[in-house]
Amino acid sequence: MPQRSLTRTLGLGAVVVLVIGNIIGSGVYKKVAPMAAELHSPGWVLVCWVLGGVISLFGALSNAEVAGLLADTGGEYSYYKKIYNRFFAFLFGWSLFTIIQTASISSLAYVFAQSFRVLVPMPELLSGLADFSLGGVFFPFANLTEKLTAIVLIGLLTGVNMRGIKTGTGVSTAILVLVFAGIFTIVVFGLTSGEANLAPVFSLETPADSPVTLSAIFTAMLAAFWAYQGWAAIGYVGGEVLDAKRNIPRGIAIGVLAVIATYLLVNVTYLSLISVPELEALYRSGGGIAAVEAVRKFWGSSGAVFISFLILVTTLGCANATILASCRPYYAMAREGLFFPPVAKLNRASSPYNSLLFQGVWACVLVLSGSFDQLTDMIIFAVFVFYGATTLGVFILRKKMPDAPRPYRVWGYPVVPAVVVLFAAGLFANTIYSRPREAGIGIVLMLTGVPMYYWFTRTNRQVIEKEEV
């Protein structure tokens, strides 16, 4: 019986949907508050949203050249084998599994569960065990009701995506329509309400004792980048995209530009409705969501129900898109003997069902860990190591493969990719300085891939040698 392989069924529209669906999640509702607490100025908050969008767009355009040249299932995992070597490619794939993508799924599912509980009140389970911990780090029973809801969501979406990529993409498309309708409802009603005040929104003034520093800008942009995170995931399904070398670059550019415009509109709305001191207090409270408070300003308590439903739908869509795309690199790795062998199998729907299963189980473990406040900074720290590596690949491939056909060449070369590489290095250094705990955990999780690489290469040597031939 011939081995099943992934089939190319996704056009440009589906690529754009997956790019946007992988980006818009919880960040559009939550991250303006920590940014305000870091910068103390609405104008500087908007500057950081723009900077985050520009750097993300520059990274996306640079990634698009690499994707157009090397498009294949696995995204950067496949690219890195050609740009660097198999070991670095594995470290990337392992980092996706240990934290970058699985932690993203966990965080999105948890925010979904929080919103679901607002709409459907549920009792807290095993509250007497909330303080039980393993080593003072792992609190499996804290907020158990929300955690179990998140786990159920991960299980359901994993099952949906086992039915094939077209089913998963169809779900993402339907959800994305609802998300944009909801977000633009907030923008229209918020800006036209009597509560909106646009006058101070673009002010760059800060308190005399809280000047804006370069470190503060980098730290605030960690929050912005969580909201922009996800655009590169389309590369993971490159083997299932029609005319991938043209549609992936175009889809990335269109999707990221649409998200930048959406984020600027919605954050102008938030800042016109909520003052910076209010946002700072909201951030210090630890449990508030800026979007909820903004809608409450013009719709009262009924607005909280609306925005909770919108957050629920948004995180549902982003979690689905993330689950759909993220399992593909592990499938590609397993086929080459660099991951657990069962992950290399496809079901009758040409879906990597075991990869989805492994991913879902580990994401559920991360849900139970309860370390959600620091997850997003850890994710962005790890992500930018590889964003910088991919962008550096533009320079390397121009030298190694100067005559190869490139359906897309990055605009502004060499300045645009150079800006991304330098920014990634700066963000890496600043996170170690400003968030040493998150940076340390991220480094440790990535480096667990070193012994795993040698274990896989030893146990799966025959498969690896066959792939090399």
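The values are calculated or read from the model by the stated rules, or taken from the named source; none is laboratory data. From a predicted model like this one, the values you see are computed outputs, not experimental measurements. Heads up, the Cβs are rebuilt from the backbone with ideal geometry, glycines too, and the neighbour counts pull from every protein chain shown. The protein model used for the area step is the full one, side chains on, heavy atoms only, and it has no ligands, DNA or RNA in it. Shrake-Rupley method; radii C 1.70, N 1.55, O 1.52, S 1.80 Å.
Restricting Ser106, Ser56 to those that are within 14 Å of the chain's Cα centre (by Cα) and closer than 30 Å to Pro402 by Cβ reduces the list to Ser56. Listed conditions (1) at pLDDT 80 or above; (2) farther than 16 Å from Gly25 by Cβ; (3) surrounded by fewer than 23 Cβ atoms within 10 Å (Cβ to Cβ) are all met by Gly182, apart from (2).
So which of Tyr228, Tyr236 ends up being under 16 Å from the mean Cα position of the chain (by Cα), within 24 Å of Ile100 (Cβ to Cβ), crowded, with 24+ Cβ neighbours inside 10 Å and modelled with pLDDT of 85 or more? Matching residue, one of Tyr228, Tyr236: Tyr228.
Conditions tested, residue by residue: (1) open to solvent by 30 Å² or more (accessible area, probe 1.4 Å); (2) farther than 18 Å from Phe225 by Cβ.
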position	(1), (2)
Thr376	no, no
Ile380	no, no
Thr391	no, no
Arg398	yes, yes
Pro407	yes, yes
Val419	yes, no
Leu422	yes, no
Val444	yes, yes
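Inspection of segment 416-430 identifies at least one residue that is polar (S, T, N, Q) and either assigned to a loop (DSSP other than H, G, I, E, B) or more than 26 Å from Arg86 (Cβ to Cβ) (or both).
All conditions in (1) open to solvent by 50 Å² or more (accessible area, probe 1.4 Å); (2) at pLDDT below 85; (3) in a helix (DSSP H, G or I) hold for Glu438, with the sole exception of (1). Taken over segment 68-91, residues that are assigned to a loop (DSSP other than H, G, I, E, B) and either farther than 14 Å from Tyr387 by Cβ or hydrophobic (A, V, I, L, M, F, W, C) (or both) amount to 5. Restricting attention to segment 139-152, the residues that are part of a helix (DSSP H, G or I), open to solvent by 10 Å² or more (accessible area, probe 1.4 Å) and in contact (Cβ under 8 Å) with a residue 60 or more places away in the chain add up to 1. Which residue, of Glu38, Glu124, Glu65, is open to solvent by 10 Å² or more (accessible area, probe 1.4 Å) and assigned to a helix (DSSP H, G or I)? Answer to the selection: Glu38. Ser285 falls short on exactly one of the conditions (1) in contact (Cβ under 8 Å) with a residue 12 or more places away in the chain; (2) surrounded by fewer than 19 Cβ atoms within 10 Å (Cβ to Cβ), and that condition is (1). Is at least one residue of segment 215-224 surrounded by 19 or more Cβ atoms within 10 Å (Cβ to Cβ), at pLDDT below 85 and in contact with a Lys or Arg (Cβ under 6 Å, 6 or more places away or on another chain)? Checked segment 215-224: at least one residue is surrounded by 19 or more Cβ atoms within 10 Å (Cβ to Cβ), at pLDDT below 85 and in contact with a Lys or Arg (Cβ under 6 Å, 6 or more places away or on another chain). Within segment 273-303, if we keep just the residues that are touching a Lys or Arg at 6+ places or on another chain (Cβ under 6 Å) and modelled with pLDDT under 85, the residue that is nearest to Phe189 (Cα to Cα) turns out to be Gly303.
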